[in-house]
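Each value in this text was obtained by applying a stated rule to the coordinates, not by laboratory testing. Everything quoted here is computed from the prediction, not taken from an experiment. No Cβ is skipped: glycine too gets one built from the backbone with ideal geometry, and neighbour counts run over all protein chains shown.
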C-alpha cells in the first residue's frame, strides 16, 4: 500500500471513530499524545511549562482543540504558522425533551443542526452519539462519551402509493421524527426501568422529597433510550443527568470506485481537514531535529460550531485563538529577552492562517451549475477559494505562499503533504514576502 492509500485508510478510521465533535477531539487528542504532545489547561498558568521544542495541546468544551509546537529559536513577537479547521458537521440533534409516540410507534424528537440536505437522512440506519453527564456517588459530575454502535433509529419516507409527487417535500417540524420502536414491544419488555412518578424524588432513609428543578431524564426522554445511554457510560439510568446527543449514519466510511480512487463517507466536511491539519502538524515535527532551527510556532486550531455560524464560546469567532496567540506571542523561553509591550501585534503582523475546509468537486450530473472555467476536479489537489467580495481572505501573497509550500514538497497541491510542507517552510517563506 503506497503512502497516499495508507493515509486515506487512516483518515477513514479517524472519521469512523468521530461521529460527533466530542469524538473528533478525543481522537485528535489520542494522536497528539501518541506523538508526544502534552496536555495543558486553559484555566491554568502554563507559560513556565513551555520549553523550546515543546509540543502541547489544550481543549475547550471538549469540542474544540488547539495544538502547537514551539521552535527552538522562538522569541517573543515571532510568527505563528496556523491552520484552522472545524470538528462539527450538519446533523440532527436530539431535543431537550425528545419523548414522543404516535400511532403505536415510539419516536424521538430531533432538530436540525446547520444547513444540511435533510432528505438524505431518510431511510438510513441511524444511531446516536455525543456526551452524557454522569453523577457519581460522591457528587461529582463526569463527562462520558456515548456512541451506540448499532442502528436504533430510522426516518421512513411515505409509501409511493400514498404520495405520487416527483419532488420530495416534507415538514421538518412534523415529518422528521425518527422511529425508535413499537409501543407494544416496549410495554412487554423485560427488565425495563420504571418511570418516575413525578419530579420530586425521595431520598432513601431521609423520608423527605428532594427538590428537582427539571424533570428526570427518563421523563423527558424514553426510558429505554436513557438505559442504552447509561449502559454505554457504565452507569445507572438514574445517574444520567443530561446529555448532548446527535444522530449519525451507522454505515462506515469506505474506499470506493472501480480503481478505489474515491472515498464514500459522511462528515467529510470537515473531518477531512481536521484529520489533515492534525497529521500535518504531527508529521512536521516527527523528526527529532524538526524544530532545531525553527523560529516560529506551528499551530492548529480545530473549532466547533462552524456549521451554525461560529458565534459561540468554542467557535472560530470566539476569543479562544486570539487569547492563545496573545499568550504565545509573549512566551519568553529560557535565554530569550523579556517580551516587548507590543509582542502580540508583532506576532499578528508576521503570522499566517490557512482556513482549511472542504470544496465541492464538479458534479457531472449537474455540470451546468458550475462556472465553466472554475470547476474543481476530483483528486486534482487542494482548491484555493477566492471571492471578489472578500467572502474568503485569500489574496495574491497568500496564494503564492501556498504555491511555494507545495513546490518545496515537490508534489502537486495535495492536502496531506501540503500541510506538512506549510509548517516546515513557513518561517523561511514569511521573510520573503515584502508587502508592507
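Counting other C-beta atoms within 10 Å, which of 262, 302, 66, 333 has the fewest, and how do the rest follow?
Ranked by crowding around the Cβ, least crowded first: 262, 333, 66, 302.
Taking the 0 to 90 degree range and rounding to the nearest ten, how far is the long axis of helix 268-284 tilted relative to the main principal axis of the chain, both from C-alpha atoms?
The angle comes out at about 40 degrees.
Can you tell me the orientation of helix 223-232 relative to the chain, as the angle in degrees between its alpha-carbon axis and the longest Cα principal axis, to the nearest 10?
40 degrees
So how do 54-62, 35-43 stack up, highest first, on mean other-Cβ count within 10 Å?
54-62, 35-43
Going by average Cβ neighbours within 10 Å, how do the peptides 245-251, 15-21, 167-173 rank, with the highest at the top?
15-21, 245-251, 167-173
When you count, for each residue, the other Cβ atoms within 10 Å and take the mean per peptide, how do 179-187, 304-312 rank with the highest first?
Ranked from most to least packed, the peptides come out as 304-312, 179-187.
Considering only DSSP beta bridges with both partners in the chain, what is the antiparallel share in %, to the nearest 5?
Given both bridge residues lie in the chain, the antiparallel proportion sits at roughly 80 percent.
Over the range 91-249, what is the mean sequence separation of C-alpha contacts under 8 Å (at least six apart), divided by residue count, expressed as relative contact order in percent?
Taking the mean separation of contacting Cα pairs over the length of the range 91-249, I get 34 percent.
If you line up the Cα atoms of the range 259-365 on their principal axes, what length do they span on each, largest first, in Å?
Taking the Cα atoms of the range 259-365, the three principal extents are 60, 37, 19 Å.
Relative contact order for the chain: what is it in percent, counting Cα pairs under 8 Å that are at least 6 residues apart?
Answer for the chain is 24 percent.
Rg to Rh for the range 91-249: what is it, with Cα atoms only and Rh by Kirkwood?
With Rh from the inverse mean 1/r over Cα pairs, Rg/Rh is 1.02.
Per residue, what volume in Å³ does the Cα convex hull of the chain take up?
Value for the chain: 201 Å³ per residue.
Quick one: angle between helix 3-16 and the longest Cα principal axis of the chain, in degrees between 0 and 90, rounded to 10, please.
Orientation of helix 3-16: about 40 degrees from the principal axis.
Work out, in µm²/s and without decimals, the Stokes-Einstein translational diffusion coefficient of the range 1-110 at 37 °C, 0.692 mPa s, Rh from Kirkwood over C-alpha pairs.
189 µm²/s
Relative to a virtual label point 7 Å from the Cα of residue 141 in the Cα→beta-carbon direction, which members of the range 290-322 show backbone nitrogen distances below 19 Å?
Those under the cut-off are 313-314.
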